[in-house]
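Engineer: Take this structure, written in structure tokens, and hold onto it; I'll ask about it next.
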Number of protein chains: 2
Amino acid sequence: MNDGLPSEATALSPGSIGNVGVGYDVLGAAFDAVQDRVRVERIVAPTVEVGTITGTVTELPRQPKANTATKGLLDLVADRHLTHGFRVHIHKGIPLSSGVGGSAASAVAAMKAAQVLVDPPLSDDEVLHYALQGEAVASGALHGDNVVPMLHGGLVLTRSLDPLDVVPITVPDDLYTVLAHPNMQISTRSARAVLPQAFPVGAIVQQTGNLAALIAGCFQQDYELISRSLHDVLIEPYRSRLIPGFDDVMAAAREAGALGGSISGAGPSVFAWCENEAIATRVGEAMSEAFATVELDADIWTAPVDSAGARRIEAN
Amino acid sequence: MNDGLPSEATALSPGSIGNVGVGYDVLGAAFDAVQDRVRVERIVAPTVEVGTITGTVTELPRQPKANTATKGLLDLVADRHLTHGFRVHIHKGIPLSSGVGGSAASAVAAMKAAQVLVDPPLSDDEVLHYALQGEAVASGALHGDNVVPMLHGGLVLTRSLDPLDVVPITVPDDLYTVLAHPNMQISTRSARAVLPQAFPVGAIVQQTGNLAALIAGCFQQDYELISRSLHDVLIEPYRSRLIPGFDDVMAAAREAGALGGSISGAGPSVFAWCENEAIATRVGEAMSEAFATVELDADIWTAPVDSAGARRIEAN
């Protein structure tokens, strides 16, 4: 393969807080406290292979069609009629089925690495396209609420996936996310199954008021408005039943100074937003204690909302 | 009544564009091209009387309980145990059942006038409270999407009515509203009756993406984003059937340069947003011509989105 392209590349992707409570399927925030790292090697045969799997999860599908990190690459090889292929080594930093977009992060990191392993290199839109294809292996459909913020970093609104219309939302510099990940699993598929097919107009009005106000609060750096708005009245009432102790955890977070919070993505992780890192630390402790009362150990992570998106790094 | 209070006061209220397409029951914009004007006289008896009714509409209920301009005053007299009362003279500039909040405007103007006719004067929250009571006579329930922007001016989000939480949304200075009012009527009650009780999740996701993006577009003064976002996929598909020629009118508006638009409130008026006054004028002509093809005469009005709210004036 004397074509001048690198023989391999490595990239990492942050996790993400899908939905951010009030923006079901449209809002997401990168969460750089946890990361998946993927190394993609070029191989001579025009196929895609799953290589090593290390980190917090090692039991992942080894068929390239069924693995989120390789499905996008398979499509890429086919679409571009490539004469070479890829071997993919996955290091999982994000726990499985935790609601922080672990499936999406592997897909994003793989495509971000592969971006420079083809000629011409993948455009950012192509990276997104193939990462969405990868993520769909896990969720069963195209959803941008994790992939898009993982690629862009920060808080991101996906107005439309097709055609793609992504709107970065400016947030206060000090705004922090706390994530409490209880030691249990909820799959995205089952979390979607508990939702009704339709929602009453009263709840829609309340939710849209909160969503619009949250966006305004972010642009205006108005923490009180953000706090009043960060209430998911549409989805949380259904999904919170799947999370033991949810109400007490959220109450503990608010009591410890959180602006508000909700379920991260499909759960079971619960996030809270805080005005700064010091408050976030206190809030994390309170959330951990609240989960402990229902006998759930919880990992606690914190990171600024305005954090970096997926990026290539030197292999190590 | 030697109590030092004025013997009368006059106020006017602009119309408003309820919902602004994508913000059903939460978003509204003052529309100062049309106005209701109300003069409130103090009278010795602690009662409320409907005085003269002039302007575009003269057939309004004469029972104080059934008239939007007097219902709030009746409540005020009762709540404060006033020893005096009010006679209310209404000059309608806003056509009846036009979808520009005519019922609400009379209620708002009446309470804005009465604000200084009691001791202590009404707080702004009290003015809003009683205006909402007045508007409810017409719509059958408490709705803030007209009353709130009429009082505040400009584009306003009502995150919550109880407790009241109002968020002014900054818009570009040059943003203009064009309103086409076809010569027909749709009552708010019947426009609500065509709506389903529940909406499918796919439409909700699309609508919330548009709403959040519209708010972001306003704060960022991004006309292209505003244009992409100003699409009501939730309510318009039902209510537009009540407006002959609706699709053609909206297509004509966009073709003439409008950013987008939808139904104003419950209809039948149709609004469009434009980048400046000159475009608004052209768009208005195009909308008028499109209504003419279905044999509807339409009044065309234009005003800046960032226009004044209700205010007291010298009587004339």
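The values are calculated or read from the model by the stated rules, or taken from the named source; none is laboratory data. The model shown is predicted, which means the values in this text are computed figures rather than measured ones. Neighbour counts are summed over all protein chains in view; Cβ atoms, including those assigned to glycine, are modelled from backbone coordinates with ideal geometry. Just so you know, the surface numbers come from the protein's heavy atoms only, side chains and all, with ligands and any DNA or RNA stripped out. Shrake-Rupley method; radii C 1.70, N 1.55, O 1.52, S 1.80 Å.
Per-residue answers, yes or no, for (1) among the charged types (D, E, K, R); (2) under 24 Å from A:Gly217 (Cα atoms); (3) open to solvent by 40 Å² or more (accessible area, probe 1.4 Å):
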{"residue": "A:Ala11", "(1), (2), (3)": "no, no, no"}
{"residue": "A:Asn19", "(1), (2), (3)": "no, yes, no"}
{"residue": "A:Val22", "(1), (2), (3)": "no, yes, no"}
{"residue": "A:Arg39", "(1), (2), (3)": "yes, no, yes"}
{"residue": "A:Ile43", "(1), (2), (3)": "no, no, no"}
{"residue": "A:Gly51", "(1), (2), (3)": "no, no, no"}
{"residue": "A:Thr58", "(1), (2), (3)": "no, no, yes"}
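Engineer: Now for a different question. Please enumerate the residues belonging to the range B:183-208 that are within 11 Å of chain A (Cβ to nearest Cβ) and touching a residue at least 12 places away in the same chain (Cβ under 8 Å).
Structural biologist: Let us first name the residues in the range B:183-208 that are within 11 Å of chain A (Cβ to nearest Cβ), namely B:192, B:195-208.
The answer is B:Arg192, B:Leu195, B:Pro196, B:Phe199, B:Ala203, B:Ile204, B:Gln206, B:Gln207.
Engineer: Now for a separate question. When you look at B:Glu314, is it out of contact with any helix residue (DSSP H, G or I) (no Cβ under 6 Å at 6 or more places or on another chain), outside the structural domain of B:Ser190 (by TED's automatic domain parsing), open to solvent by 20 Å² or more (accessible area, probe 1.4 Å) and at negative phi, yes or no? Step through it out loud before you land on a result.
Structural biologist: On the way: out of contact with any helix residue (DSSP H, G or I) (no Cβ under 6 Å at 6 or more places or on another chain): yes; outside the structural domain of B:Ser190 (by TED's automatic domain parsing): yes; open to solvent by 20 Å² or more (accessible area, probe 1.4 Å): yes; at negative phi: yes.
Against the criterion (out of contact with any helix residue (DSSP H, G or I) (no Cβ under 6 Å at 6 or more places or on another chain), outside the structural domain of B:Ser190 (by TED's automatic domain parsing), open to solvent by 20 Å² or more (accessible area, probe 1.4 Å) and at negative phi), B:Glu314 qualifies.
Engineer: Here's something else I'd like to know. Can A:Gly144 be described as in contact with a Leu (Cβ under 7 Å, 6 or more places away or on another chain), buried (at least 24 other Cβ atoms within 10 Å of the Cβ) and small (Gly, Ala, Ser)?
Structural biologist: Numbers: in contact with a Leu (Cβ under 7 Å, 6 or more places away or on another chain): yes; buried (at least 24 other Cβ atoms within 10 Å of the Cβ): yes; small (Gly, Ala, Ser): yes.
Here the answer is yes, as A:Gly144 does meet what is asked.
Engineer: Identify, by number, the condition in (1) outside the structural domain of A:Leu214 (by TED's automatic domain parsing); (2) touching a helix residue (DSSP H, G or I) at 6+ places or on another chain (Cβ under 7 Å) that A:Val283 doesn't meet.
Structural biologist: That leaves (1) as the condition not met.
Engineer: Could I ask something else about it? Which residue, of A:Ala131, A:Ala109, is without any contact (Cβ under 8 Å) to a residue 60 or more places away in the chain and assigned to a helix (DSSP H, G or I)? Spell out how you get there, then give the answer.
Structural biologist: Numbers: A:Ala109 fails: without any contact (Cβ under 8 Å) to a residue 60 or more places away in the chain.
Every option except A:Ala131 fails the conditions.
Engineer: Restrict the check to the range B:80-89 and report whether at least one residue is farther than 22 Å from B:Arg312 by Cβ and assigned to a helix (DSSP H, G or I). Outline the logic, then answer.
Structural biologist: Just the residues of the range B:80-89 that are farther than 22 Å from B:Arg312 by Cβ, to begin with: B:81, B:83.
From what's left, assigned to a helix (DSSP H, G or I): none.
No.
Engineer: Please enumerate the residues belonging to the range A:220-234 that are within 9 Å of another protein chain (Cβ to nearest Cβ) and either under 27 Å from A:Val294 (Cβ atoms) or within 22 Å of the chain's Cα centre (by Cα) (or both). Walk me through how you get there before you give the answer.
Structural biologist: First pass over the range A:220-234, keeping only residues within 9 Å of another protein chain (Cβ to nearest Cβ): A:220, A:222, A:225, A:228-229, A:234.
The answer is A:Ser229, A:Leu234.
Engineer: Return the residues of the range A:172-230 that are open to solvent by less than 30 Å² (accessible area, probe 1.4 Å) and part of a loop (DSSP other than H, G, I, E, B); say none if nothing qualifies.
Structural biologist: Across the range A:172-230, the qualifying residues are A:Pro172, A:Leu175, A:Ile186, A:Leu195, A:Leu230.
Engineer: Just the residues that are farther than 15 Å from B:Val22 by Cβ and either part of a helix (DSSP H, G or I) or not assigned by TED's automatic domain parsing to the domain that holds B:Ala180 (or both), please, taken from the range B:236-254. Lay out the reasoning, then the answer.
Structural biologist: Of the residues in the range B:236-254, the ones farther than 15 Å from B:Val22 by Cβ are B:241-249, B:251-254.
Correct list: B:Arg241, B:Leu242, B:Phe246, B:Asp247, B:Asp248, B:Val249, B:Ala251, B:Ala252, B:Ala253, B:Arg254.
Engineer: Any residue at all in the range A:255-274 that's crowded, with 22+ Cβ neighbours inside 10 Å, in a helix (DSSP H, G or I), of a type in the set (A, V, I, L, M) and outside the structural domain of A:Gly99 (by TED's automatic domain parsing)?
Structural biologist: Of the residues in the range A:255-274, the ones crowded, with 22+ Cβ neighbours inside 10 Å are A:258-274.
From the residues that got through so far, the ones that are in a helix (DSSP H, G or I) too are none.
No - not one qualifying residue is present in the range A:255-274.
Engineer: Another question about this same structure. If we keep just the residues of the range B:75-92 that are open to solvent by 50 Å² or more (accessible area, probe 1.4 Å) and either in contact with a strand residue (DSSP E or B) (Cβ under 7 Å, 6 or more places away or on another chain) or outside the structural domain of B:Ala110 (by TED's automatic domain parsing) (or both), which is farthest from B:Ser139 (Cα to Cα)?
Structural biologist: In the first step, residues of the range B:75-92 are kept if they are open to solvent by 50 Å² or more (accessible area, probe 1.4 Å); the result is B:78-81, B:83, B:87, B:91.
Add one more test, that the residue is either in contact with a strand residue (DSSP E or B) (Cβ under 7 Å, 6 or more places away or on another chain) or outside the structural domain of B:Ala110 (by TED's automatic domain parsing) (or both), and what stays is B:87, B:91.
Working: B:Arg87: 23, B:His91: 20 Å.
Residue satisfying both the conditions and the ranking: B:Arg87.
Engineer: Another question, if that's okay. Out of (1) under 28 Å from A:Arg254 (Cα atoms); (2) touching a residue at least 24 places away in the same chain (Cβ under 8 Å); (3) of a type outside the set (Asp, Glu); (4) not assigned by TED's automatic domain parsing to the domain that holds A:Ala107, the odd one out for A:Gly217 is which?
Structural biologist: If we test A:Gly217 against (1) under 28 Å from A:Arg254 (Cα atoms); (2) touching a residue at least 24 places away in the same chain (Cβ under 8 Å); (3) of a type outside the set (Asp, Glu); (4) not assigned by TED's automatic domain parsing to the domain that holds A:Ala107, just (2) comes out false.
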